[in-house]
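To keep things clear, I will list the structure first and then write my remarks on it.
The values are calculated or read from the model by the stated rules, or taken from the named source; none is laboratory data. Since we're looking at a predicted model, the values are computed, not measured. Cβ placement follows ideal geometry from the backbone for every residue including glycine, while neighbour counts extend to all protein chains displayed. Quick note on the areas: whole protein, heavy atoms, side chains included, nothing else; ligands and nucleic acids left out. Shrake-Rupley method; radii C 1.70, N 1.55, O 1.52, S 1.80 Å.
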Amino acid sequence: SLSKLQLKTGDLDPRLFSRLRHLQKLDLSDNLLDKFPNSLTLPDLRVLNCNNNKLEDVTALKQFPLLEELTYENNVYLTLNDDYKVMFLLQNLRLLNGKDITKLANHVRRVNSRKLTSKVTAHWEKFFRDQLPEKYTAEQVKSIKKKFLKSVQTNVVYGPSSLSEFTRWRVKMIAEEFLAYSLGLELNTDPEPEEKMDENEEESTESPREAAEDVAQVGDFSSYINNVTVTPSKRKRNNSKPGSGNKRSKTQADTEEEAEDVSAEPLHFLQCHSKGNSREDFKTQLWSCVFEPLLDCGARKDPIVSSSRTVATCGGESVCLIDCETGTVLKKYKVATEEFFSVAWTTLTMVISDSRKKSHNILAAAGRRGIVKLIHVAADFCYGEIKAHKKPIATVCFSPTQETHLFTASYDKRIALWDIGIPDCDYNFKASQLLVLEALAIPLRIALVPTCPDQYLLAGCEGGCFAWNIKLDKEQKSRPWQAVFQFPDEDGGVTTSHRVDGLAFLNDDVVVSKSSKPGCIYLWSWSRSFDAKGKGCQRTVSAVILAELEWSMTDLSYLTLSTCPVKEYVFCGDEKGSVWMYNLSNYTTAWSSAKGKRSEKRIPPTQILKWPELRANGGQLTEVLINNVVSDPTFTYLVVLTSVNITAIWKKS
């Protein structure tokens, strides 16, 4: 026993340990180990306890081939993916963290390996075999190996998304073995942890259907658009010199760049919300998308990207979970009689099955039926519903401070606050209504004030922009609005009565709102507009305008906006399929000063991403409205939802 000795990895001296030829049990629990040295040997080791350390990787455990019992609980960086890795690497393992894993381990070693091997082989046969000439040089082999390993890890998908890191690790191993066998290459027998892929590498030429075909074997998947021809044209406001690179993007059959200084390129165009999975459905409207929060923020992030790349989208009868990088539809949830309008994520600390508390992401989805569905995504399980309103729910959002608090805004002109509770190990939960906010008009968009999210809620409604006090220490369960905001109108006066169909905070103070006045997005100060000390129940207050953004002159409603606070961006789509992007980082410092003056001129977009020419079933898709545009928190991906049942994914280049 070497427990509780503050041992670090460097303290495990291979020269000493390799002499312990007959050691069978080793207890290294409650130390500071972040990994195992590769050459401890210990040829007879049967039982190993490394609970309560800081382990980040398990692959070095393969040096103990006779290991039968292994525990590594409370190593915060280890995930389900690591459990699967040790099951594969240690052929004699029976007990993992106190559980009998014999059956599952056999499945991992046999069934899982067989499936992945056939997929890897098929990927080679379909996309790479013909690229290698009959007589090939070492250089050609090296080049094709690099392309194949990258392509196969990106495109071979199997099993739930929670195991995608394990799957990539195994796929790489299988692909290297396959190449060694079929091309006589030397095999790297030391599978290191995943390395980060170099994003500057040339794009591989895999088929746009590949990811779709892989997923089709796993679950319910609607088609990619057949034979999509894409001609993106992008225009930037300043006259920068035309770029010369011509980079091919994965999911386009054909790409012609009219690029000047392109900041984003189209990755995927997906048709995954079709009614009854029909390929002819170009009518289903897509409304809402939210990126999944990162559960594992330690050293074990996704090896390829550092931010979440999984997004939930909704429209029509379905909610989809999409991997933005590969364009794979990971999961799909359908309710035949529903039309979903809104989705939102929260992270709950739950006790499932093995009486250990763990964080799990929960997705709330709501729409026309007024019912909120609660989905535990990793378990593929819709565990409950809340009959929240008798009329449709326009939008939902979770409190950033109280993970069980969910706001639902409905066509019944009410916004309700619910405590959705925490499900127990049998998914029993108790939801309760905490508050009802009375509105004068249908609430379309809601936002909690970042500096005081437990005290004030803003809503953009059919008849104006309102604020409510939502503090729960008051007795009053049903509350009227506390303030309505005045904005300039078209005649030079002011008005409170207008449709506000876009609302979001750019930072702690700056509100971005879009009104039915054509061509108009306002930026205004929450703290300077709203006096929290002001007494009196209902007040009319003037929004202190900081700037106006130049936008389309359309009078069409419900084309909503979003913000990326970390990068200080605003995004809004228009009626022609274009995405208007505004980088406001040069303005925010001036606005935050006490005397921050209004920008006199309208701020033009930094860039407009034009809708590419899409052909589907031989015809061209026209009249594309952009209902919503959302970026992940670091602005790596941009997800664009349309009125024609297409989810477009752009990637910042």
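The numbered conditions (1) more than 14 Å from T121 (Cβ to Cβ); (2) surrounded by fewer than 19 Cβ atoms within 10 Å (Cβ to Cβ) are all true for Y181 except (1).
Anything in segment 156-175 that is part of a helix (DSSP H, G or I) and either among the aliphatic types (A, V, I, L, M) or modelled with pLDDT under 90 (or both)? List them, or say none. Answer for segment 156-175, where residues must be part of a helix (DSSP H, G or I) and either among the aliphatic types (A, V, I, L, M) or modelled with pLDDT under 90 (or both): S161, S162, L163, S164, E165, V171, M173, I174, A175. With respect to the conditions (1) more than 19 Å from S164 (Cα to Cα); (2) crowded, with 18+ Cβ neighbours inside 10 Å, N74 lacks only one, and its number is (2). Residues of segment 418-441 that are of a type outside the set (F, W, Y), over 21 Å from N469 (Cβ atoms) and open to solvent by less than 50 Å² (accessible area, probe 1.4 Å): I420, G421, P423, A431.
Please work out if N81 is under 20 Å from K358 (Cα atoms), of a type outside the set (D, E, K, R) and not in a loop (DSSP other than H, G, I, E, B).
Answer is yes for this residue.
A single member of S288, S263, S274, S278 is over 30 Å from D82 (Cα atoms), at pLDDT 90 or above, over 18 Å from the mean Cα position of the chain (by Cα) and not charged (D, E, K, R), and it is S274.
Can F466 be described as within 26 Å of S318 (Cβ to Cβ), out of contact with any helix residue (DSSP H, G or I) (no Cβ under 8 Å at 6 or more places or on another chain) and either open to solvent by less than 30 Å² (accessible area, probe 1.4 Å) or not small (G, A, S) (or both)? No, not satisfied.
Contact map, segment 83-102: first residue in contact (Cβ under 8 Å) with a residue 60 or more places away in the chain and buried (at least 21 other Cβ atoms within 10 Å of the Cβ), second residue assigned to a loop (DSSP other than H, G, I, E, B) and not small (G, A, S), Cβ cut-off under 7 Å, separation 6 or more or different chains; pairs are K85/V58.
Applying the condition of being open to solvent by less than 30 Å² (accessible area, probe 1.4 Å) and over 19 Å from the mean Cα position of the chain (by Cα) to segment 623-636 and asking which residue is nearest to S552 (Cα to Cα) yields I626. Can you say whether V639 is part of a strand (DSSP E or B), β-branched (V, I, T) and either surrounded by 15 or more Cβ atoms within 10 Å (Cβ to Cβ) or at positive phi (or both), as far as the supplied structure shows? For V639, the condition - part of a strand (DSSP E or B), β-branched (V, I, T) and either surrounded by 15 or more Cβ atoms within 10 Å (Cβ to Cβ) or at positive phi (or both) - is met.
Yes/no matrix, rows are residues, columns are (1) of a type in the set (S, T, N, Q); (2) touching a residue at least 60 places away in the same chain (Cβ under 8 Å); (3) open to solvent by 20 Å² or more (accessible area, probe 1.4 Å):
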position: Y456; (1), (2), (3): no, yes, no
position: L472; (1), (2), (3): no, no, yes
position: P480; (1), (2), (3): no, no, yes
position: G493; (1), (2), (3): no, no, yes
position: S497; (1), (2), (3): yes, no, yes
position: G502; (1), (2), (3): no, yes, no
position: K517; (1), (2), (3): no, no, yes
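Note on segment 554-632: enclosed strands (runs of 3 or more DSSP E) holding 3 or more residues that are of a type in the set (S, T, N, Q) are 626-631. Of the residues K145, K150, K119, K126, which single one is open to solvent by less than 60 Å² (accessible area, probe 1.4 Å), touching a residue at least 60 places away in the same chain (Cβ under 8 Å), among the charged types (D, E, K, R) and in a helix (DSSP H, G or I)? Among K145, K150, K119, K126, only K119 is open to solvent by less than 60 Å² (accessible area, probe 1.4 Å), touching a residue at least 60 places away in the same chain (Cβ under 8 Å), among the charged types (D, E, K, R) and in a helix (DSSP H, G or I). If you go through segment 487-498 one residue at a time, do you hit one that is modelled with pLDDT of 95 or more and assigned to a loop (DSSP other than H, G, I, E, B)? No; the residues of segment 487-498 include none that is modelled with pLDDT of 95 or more and assigned to a loop (DSSP other than H, G, I, E, B).
Residues checked against (1) surrounded by 16 or more Cβ atoms within 10 Å (Cβ to Cβ); (2) touching an Asp or Glu at 6+ places or on another chain (Cβ under 6 Å):
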{"residue": "L5", "(1), (2)": "no, no"}
{"residue": "L12", "(1), (2)": "yes, no"}
{"residue": "N31", "(1), (2)": "yes, no"}
{"residue": "N38", "(1), (2)": "no, no"}
{"residue": "D44", "(1), (2)": "no, no"}
{"residue": "L55", "(1), (2)": "yes, no"}
{"residue": "V58", "(1), (2)": "yes, yes"}
{"residue": "F64", "(1), (2)": "yes, no"}
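Could you check, for segment 601-622, whether at least one of its residues is touching a helix residue (DSSP H, G or I) at 6+ places or on another chain (Cβ under 8 Å), crowded, with 16+ Cβ neighbours inside 10 Å and in contact (Cβ under 8 Å) with a residue 60 or more places away in the chain? Looking for residues that are touching a helix residue (DSSP H, G or I) at 6+ places or on another chain (Cβ under 8 Å), crowded, with 16+ Cβ neighbours inside 10 Å and in contact (Cβ under 8 Å) with a residue 60 or more places away in the chain, one finds none in segment 601-622, hence no. Residue-level analysis places V640 among those that are at pLDDT 90 or above and under 20 Å from the mean Cα position of the chain (by Cα).
Only one of D412, D380 is acidic (D, E) and in contact with a His (Cβ under 6 Å, 6 or more places away or on another chain); which? After applying the criteria, what remains is D412. Out of the residues in segment 14-29 that are hydrophobic (A, V, I, L, M, F, W, C) and open to solvent by less than 60 Å² (accessible area, probe 1.4 Å), which is farthest from A60 (Cα to Cα)? Going through the qualifying residues, I end up with L23.
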